[in-house]
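First up is the structure itself, then whatever we jot down about it.
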Amino acid sequence: MAAVPALVRRIARSGVLPLCRQPPVWGRAAWQPPGPLRSPGLPLALCRAFSNNKILVELDESSGVATMKFKSPPVNSLSLDFLTEFCISLEKLENDRACRGVIFASAVPKIFSSGLDITEMCGKSTEHYAEFWRAVQEMWLRLYGSSMVTVAAVNGSSPAGGCLVALSCDYRIMVENPKFSIGLNEAQLGIVAPFWFKDTFVNTVGHRVAERSLQLGSLHSAPEAHRIGLVDELVPEEKLQEKAAAVMAQWLALPDHARQLTKSMMRKAVLDRLVAHREEDIQNFISFISKESIQKSLRMYMEMLKKKKS
Amino acid sequence: MAAVPALVRRIARSGVLPLCRQPPVWGRAAWQPPGPLRSPGLPLALCRAFSNNKILVELDESSGVATMKFKSPPVNSLSLDFLTEFCISLEKLENDRACRGVIFASAVPKIFSSGLDITEMCGKSTEHYAEFWRAVQEMWLRLYGSSMVTVAAVNGSSPAGGCLVALSCDYRIMVENPKFSIGLNEAQLGIVAPFWFKDTFVNTVGHRVAERSLQLGSLHSAPEAHRIGLVDELVPEEKLQEKAAAVMAQWLALPDHARQLTKSMMRKAVLDRLVAHREEDIQNFISFISKESIQKSLRMYMEMLKKKKS
Amino acid sequence: MAAVPALVRRIARSGVLPLCRQPPVWGRAAWQPPGPLRSPGLPLALCRAFSNNKILVELDESSGVATMKFKSPPVNSLSLDFLTEFCISLEKLENDRACRGVIFASAVPKIFSSGLDITEMCGKSTEHYAEFWRAVQEMWLRLYGSSMVTVAAVNGSSPAGGCLVALSCDYRIMVENPKFSIGLNEAQLGIVAPFWFKDTFVNTVGHRVAERSLQLGSLHSAPEAHRIGLVDELVPEEKLQEKAAAVMAQWLALPDHARQLTKSMMRKAVLDRLVAHREEDIQNFISFISKESIQKSLRMYMEMLKKKKS
């Protein structure tokens, strides 16, 4: 994709080397690789892990299943650095023949991801907005279009862009805690979810539920999210890993080739739509986010968050 | 829109002046403006009402919520006069900065609206059919595309065009009386719902439910309509106003700008489709309705209705 | 349609004359024509039946309802011969003014149809693949686009192409036996359902259910199929005929013309898509099925089936 060089340039600038040039960092993840897929006596050499700044990636070569764990406290917000790391990690797994599926989870308690990092959208240059938005697009294009099986283990709240990450996976399991919520709540902040967020949402919950939920900027509690089809199932927190592994095993039982072609057939129309309008979408974002009224409401929102914290 | 001058001409011909040139008629509506939004001690001057022939419009400036009450006995049929008044009233509210939302209800017991007025489609000239159909299109384009929050308080049966009015709102609350029914039952009369009725229906209940319901010309009882998603919730008749006001308040809690852009994103494709094929759709209607077989079955249907009454 | 001459040529080659040139074979079907629609004292002359090799067609002229019963043991697989007979029978009924609706059922116990005949896709010439695939397309175009009311009485399992036959009808009633399953399970065999199978599926169960079910190649038990909307209702086996007749009577109560135009409005977009890409779709099928890897897995699958039998 055309954006890859941009990503690489960005990484070069930020001093983070692409994963493929880094020596892997061996170790055990705090969020354990799925139990049933890894027998206790498995030689450690079959399990590779690489830790970057914001995402911990661990690949169990015996099962072909990787986990990507978001460890960017306090709320795993999707900053430009986070998105860049996300795309590079995903691309590395995509190109690794040992990897057939990825489970996404959070290493931060109570939050899966809080969505796009507002500091990237506030008081920055036009060039920065463009670079940031391209990275958001890139994340979605790679995840929604991934040829691997992707399972979201939603172990915390997941508003806005965090919800998009979950929506872009093949399957969503959420912790049944009713205090955890998920949804595309952009309208609550006075902003609008882009059309490809909407397309992904409609593909998951249907037109009517999407129309109402997007206009109200609804954050749905886990039980409600399950009822409207925004997540596929709920489990107690202690069962999440086990369940994610079992679901992954079920999806990996299918021949990759047939599953991949089927997935592409289902998602291609919506992916193609962003690819065809990508630059236009970036310009729309820039002109929208640069408005003084929008900047003002984002600043107020950040003030509110700061006060909440202190 | 191009049709506005036609509307104005029509009004000029019919002797009804556009609302904006009429002195407002102050008064209380039989169907009270939503309770919680209007405290008992509110000064009367904050509440404006204008009554025309067929629709009573009341705007509560303190809440920004208008009610449009259909008072065209016996069955609130969508005649050319009714549609003209509807469009003008809606346009007036749309242009009134004091108004942010509209609740639609009936002032006629047991019926919300019986749909298109069959007398407008029977034994008239080609020019009349064209004018009538353009008004039906105009009503839908304005209502489905309204930038205001629109809530249908369906306090009676609502077949065919009456169902379309409800479908075009943002939210539908129906009285839980199982004797009240709603649906696009055109096929029962030997006619076919136009593609934009169908598109609106599919956007609400999904393709499969729409396919079956449209082919069977089903009229769904209130509980069934709720079950298939044709209405969003059911309430006892005495709770309808209160519920409509509460729903409206929930939708108005969102910033207008973000909500409007989101609504447009969800509905634009379907609205654009009619705009692109509007003249063709009028010609289709004329040639269909002019068929002797169709005219005959409409005449028989009207005979049946007359006998029923007497 | 352009394919009709090909069908006729094929029939000429296979020695089976088109139905319209055959004298009707009178007789009673094992699967009785719908009870309530045929009074016991009805003169036999009102009920015409014609039996070919693989499908028994019986038309009850008094009700206007035909039954097409699949009698191609062991599993009613959709071979080229079967498809040819199916299309000719359907066309004959379509052109017969006495026929307004068709009920499809199986005369083979426990199986509705096992789907496309794998022997037609294995070790054959490119020309054969093309001829076979055109016949599969033709079957769907005629059935999904039929102007008659079509009811699937699914009295057995119905995987892959068998599921497509059911999906292409207006209404699906399935025997409630949880051992009977239905679904587009192509991915399980390492192959991919073509886009028009997918479109038909999405129109019935929605995008999300289709995405998951197609990727997993799911075969849904009758109760699950009902829950996800893949079939419209479940009945005990002994009630199937009665129920199919009652549903048919309900649909035939509508004026044909309005119902047909409505059906066409709902299905035209998806039908047109195959018509526009028909030759391309055939070429895709040929190049996919000719791959050595696909041929190998189909041979293995057939070996497995043979071993199962013996």
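Since every read-out is calculated from the coordinates, none of them should be taken as a lab result. Because the structure is predicted, anything quoted here is derived from the model rather than measured. Note that we place each Cβ from the backbone using ideal geometry, even for glycine, and neighbour counts take in every protein chain shown.
In chain C, what residue has the beta-carbon at the shortest distance from the axis of the rotation relating C to B, and what is that distance in angstrom, rounded to the whole number?
Residue of C nearest the axis onto B, distance in Å: C:Gly206, 3.
Could you work out, residue by residue across A:181-190, how many beta carbons of other chains sit within 10 Å of that residue's beta carbon, and then give the average as an integer?
That works out to 3 on average.
Quick one: Cα centre-to-centre distance for the stretch B:163-189 and the stretch B:219-237, in angstrom?
Taking the Cα centre of each part, the stretch B:163-189 and the stretch B:219-237 sit 8 Å apart.
Could you pull the copy-to-copy label distances for A:Ala249, with points set 7 Å along Cα to Cβ, in nm to one decimal and sorted shortest first?
Between copies, matching label points for A:Ala249 lie 5.2, 5.2 nm apart.
Run through the other copies and list how far each one's label point is from that of A:Thr126, in nm with one decimal, shortest first; the point sits 7 Å from Cα along Cα-Cβ.
Going from nearest to farthest copy, the values are 5.4, 5.4 nm.
Copy-to-copy spacing for A:Asn284, label 7 Å out on the Cα-to-C-beta vector, in nm, shortest first?
Label-point separations across copies, in nm and ascending: 2.7, 2.7.
Compute the distance in nm between two label points, each set 7 Å from the Cα along the Cα-to-Cβ direction, one at A:Arg273 and one at A:Cys122.
Taking the two extended label points, one gets 3.1 nm.
Only four residue types carry charge here, +1 at the Cβ of Lys and Arg and -1 at the Cβ of Asp and Glu. Report the dipole size of the stretch C:152-310 about the Cα centre in Debye, rounded to the nearest 20.
Working: 21 positive and 18 negative charges, 88 e Å.
So the dipole magnitude of the stretch C:152-310 works out to roughly 420 debye.
Give me a single rounded figure for A:197-207: the average over its residues of other chain Cβ atoms within 10 Å of their Cβ.
Counting Cβ atoms of other protein chains within 10 Å of each residue's Cβ and averaging gives 4.
Which whole-Hz couplings ³J(HN,Hα) result when phi for each residue of the stretch B:289-306 is put into the Karplus expression 6.51 cos²θ - 1.76 cosθ + 1.60, θ = phi - 60°, listed in order with x for Gly and Pro?
Computed from phi, the couplings for the stretch B:289-306 are 6, 7, 4, 4, 5, 5, 4, 5, 5, 5, 4, 4, 4, 5, 4, 4, 4, 4 Hz.
Which of the aspartates and glutamates could a cross-linker span from C:Lys92 if the Cα-Cα distance has to be under 13 Å and same-chain partners fewer than 8 positions apart are dropped?
Within reach: C:Glu58.
Once label points are set 7 Å from the Cα along Cα→Cβ at both A:Arg97 and B:Lys110, what is their separation, rounded to one decimal in nm?
In this crude label model, A:Arg97 to B:Lys110 measures out at 7.6 nm.
Averaged over its residues, how many other protein chain Cβ atoms are within 10 Å of peptide C:212-219's Cβ atoms?
5
Could you give each residue of the stretch B:275-280 its phi-based ³J(HN,Hα) in whole Hz, using Karplus coefficients 6.51, -1.76, 1.60 with θ = phi - 60°, and x for Gly or Pro?
Running phi through 6.51 cos²θ - 1.76 cosθ + 1.60 with θ = phi - 60° gives 4, 6, 10, 5, 5, 4 Hz.
Share of antiparallel DSSP beta bridges in the stretch C:122-281, in percent to the nearest 5? Could you put the intermediate results ahead of the total?
Details: 2 of 11 bridges.
Rounded to the nearest five, the antiparallel share is 20 percent.
Please compare each pair in A:Lys110/A:Lys198; A:Lys179/A:Lys306; B:Lys309/C:Lys263; A:Lys54/C:Lys198; A:Lys263/C:Lys268 to a cut-off of 27 Å on the Cα-Cα distance and tell me which ones are over it.
B:Lys309/C:Lys263; A:Lys54/C:Lys198
Using alpha-carbon positions, what is the distance between the centroids of the stretch C:109-160 and the stretch C:53-81, in Å?
When both Cα centres are located, 13 Å separates them.
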